[in-house]
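The values are calculated or read from the model by the stated rules, or taken from the named source; none is laboratory data. Note that this is a predicted model, so its numbers are computed, not measured. When we count neighbours, we look across all protein chains shown, and the Cβ atoms used for this are built from the backbone with ideal geometry, even at glycine.
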Amino acid sequence: MSDIIVIGAGVIGLSAALRLQQAGHSVTIIAKDFPTPFEAADKRALINYTSQWGGAHNRWVLPTNPAEQREHEFSLTTYRHMEATLREFPEAGITFMKGIEYFENPPPVHRDLTVEKALQLGLEEFKLLEKKDFPDDKVAWGCEYKTWCVNPMVYCSFLLRHFHILGGKAMAMELRNLNEAFLVKAVPGVKLVVNCSGQGFNDPAVFPTRGQTCLVANPCPATVTRQNADGSWSFCVPRNFHGGTIIGGTKEPDNWDPEPSPETRARLLSAFAATYPPIVADGPLQPLGDIVGRRPTRRGGIRLEREEIAADEIKGLQDNEARSIVHAYGLGGRGFELSWGVAEEVFELVKQRVSSRL
């Protein structure tokens with residue numbers, strides 16, 4: 001099998017590296033940032049390492065077009081993988097629990113959703129909520145289902161350890177461009193690179209979507225999401241394994257501001273306590289820290305394809321053989337949800353490339 005470099009140690013890079021490793025490839029991860037415990041992480045220095053700060057749960061996005069259907073299939077693949085991983089590795093940082101959703105102004109795809117349709121889409125333990133279950137009169141639609149969430153520091157560290165135990169190599173290095181990966185002396189002659197860099201190396205279609213959340217000590221037995229009529233969101237994602245609960249959140253395209261806003265924190269905490277009163281049943285919310293992250297979003301959606309690079313385009317190569325790059329980046333805030341579906345697609349693209357060279 002081939003020597004492969006995976007660029008990026010976020011959830012997409014780690015998942016893709018493991019999937020390729022399972023297929024027998026020799027894989028090296030090159031990344032600027034790697035998983036770090038929350039207590040020791042420099043939030044400002046790691047602001048672009050999105051997986052560190054992700055809410056990290058599965059919220060079903062009901063498909064209305066082919067692109068969304070493809071992503072839904074990725075979500076289902078990830079869901080099944082999380083189930084299997086939890087059975088084999090209970091320490092991996094994965095928890096299955098109830099997911100609750102509220103909409104003030106639900107789109108047609110939600111209004112038309114029935115239990116039968118939900119089951120066809122793969123939603124387990126789906127239930128439409130009644131008006132008496134809503135937190136207030138502004139909510140017009142709600143549902144619940146079985147879902148998963150992860151503590152991202154625990155989970156990503158688990159993936160990296162698992163990769164290492166299986167023989168993978170990791171190098172802390174910041175690349176200036178993609179072609180540099182083909183010239184890394186520690187992996188001589190590499191012909192294939194997987195670009196899981198998040199932001200895609202100066203791809204003009206990529207932009208940051210700033211998110212601010214707050215970590216609180218209060219536990220929560222469910223992941224809860226509310227979309228308000230003005231398009232804003234209120235949500236919580238439990239980080240079990242002594243990780244507290246994330247309360248969010250904002251979605252601010254093209255906002256590079258690294259500083260958390262105290263006013264935003266107050267608004268987020270107040271809104272969620274009103275949406276889900278059980279979280280404050282034993283006392284007020286206990287903030288542990290504000291989090292600001294930059295979701296690597298891409299106009300036109302995920303880039304998931306293989307690109308062939310002529311040898312003369314890579315200065316410094318010692319041979320004339322073309323190289324290949326498999327791109328897998330630009331997932332915005334859905335990296336964890338789609339991770340193993342994307343990893344499987346990366347594997348297929350690599351397999352096609354290897355087969356074409358035989």
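Just to be sure, is Leu128 of a type outside the set (Gly, Ala, Ser) and either on the phi > 0 side of the Ramachandran plot or in contact with a Cys (Cβ under 6 Å, 6 or more places away or on another chain) (or both)?
Yes.
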Checklist outcome for this item: Of those in the stretch 198-222 that are polar (S, T, N, Q) and under 27 Å from Met97 (Cα atoms), the residue surrounded by the most Cβ atoms within 10 Å (Cβ to Cβ) is Thr213
Checklist entry - With Val342, Val326, Val280 as the choices, which residue is closer than 16 Å to Val11 by Cβ and modelled with pLDDT of 95 or more? => result Val342
Item to check | Answer from Glu307, Glu259, Glu263 - the residue that is touching a His at 6+ places or on another chain (Cβ under 7 Å) and surrounded by fewer than 16 Cβ atoms within 10 Å (Cβ to Cβ) | outcome: Glu307
Item to check | Matching residues, the stretch 183-219, being farther than 30 Å from Gly316 by Cβ and among the small types (Gly, Ala, Ser) | outcome: Gly211, Ala217
Checklist outcome for this item: Considering only helices (runs of 4 or more DSSP H) wholly within the stretch 1-114, the ones with at least 2 residues that are free of Cβ contacts under 8 Å to residues at least 60 places away in the same chain, closer than 30 Å to Ala229 by Cβ and more than 17 Å from the chain's Cα centre (by Cα) are 66-88, 108-111
Checklist entry - From Thr264, Thr213, Thr225, which residue is assigned to a strand (DSSP E or B) and under 26 Å from Ala45 (Cβ atoms)? => result Thr213
Next on the checklist: For the structure I just gave you, tell me whether Arg239 is touching a strand residue (DSSP E or B) at 6+ places or on another chain (Cβ under 7 Å), surrounded by 20 or more Cβ atoms within 10 Å (Cβ to Cβ), among the charged types (D, E, K, R) and under 29 Å from Ile100 (Cβ atoms).
Outcome noted: yes
Checklist entry - Of the residues Gly122, Gly142, which single one is in contact with a helix residue (DSSP H, G or I) (Cβ under 8 Å, 6 or more places away or on another chain), touching a residue at least 12 places away in the same chain (Cβ under 8 Å) and outside any loop (DSSP other than H, G, I, E, B)? => result Gly142
Checklist outcome for this item: Residues of the stretch 81-104 being in contact with a Gly (Cβ under 9 Å, 6 or more places away or on another chain) and not hydrophobic (A, V, I, L, M, F, W, C), in sequence order, are His81, Gly93, Glu101, Tyr102
Checklist outcome for this item: Only one of (1) within 30 Å of Pro107 (Cα to Cα); (2) buried (at least 23 other Cβ atoms within 10 Å of the Cβ); (3) at pLDDT 95 or above does not apply to Asn65, and that is (2)
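So that you can scan it fast, the table gives a plain yes or no per residue for (1) under 20 Å from Tyr49 (Cα atoms); (2) hydrophobic (A, V, I, L, M, F, W, C); (3) over 22 Å from the mean Cα position of the chain (by Cα):
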| residue | (1), (2), (3) |
| --- | --- |
| Phe235 | no, yes, no |
| Gly243 | yes, no, no |
| Ile246 | yes, yes, no |
| Thr250 | yes, no, no |
| Pro253 | yes, no, no |
| Asp257 | yes, no, no |
| Pro262 | no, no, yes |
| Ser270 | no, no, yes |
| Thr275 | no, no, yes |
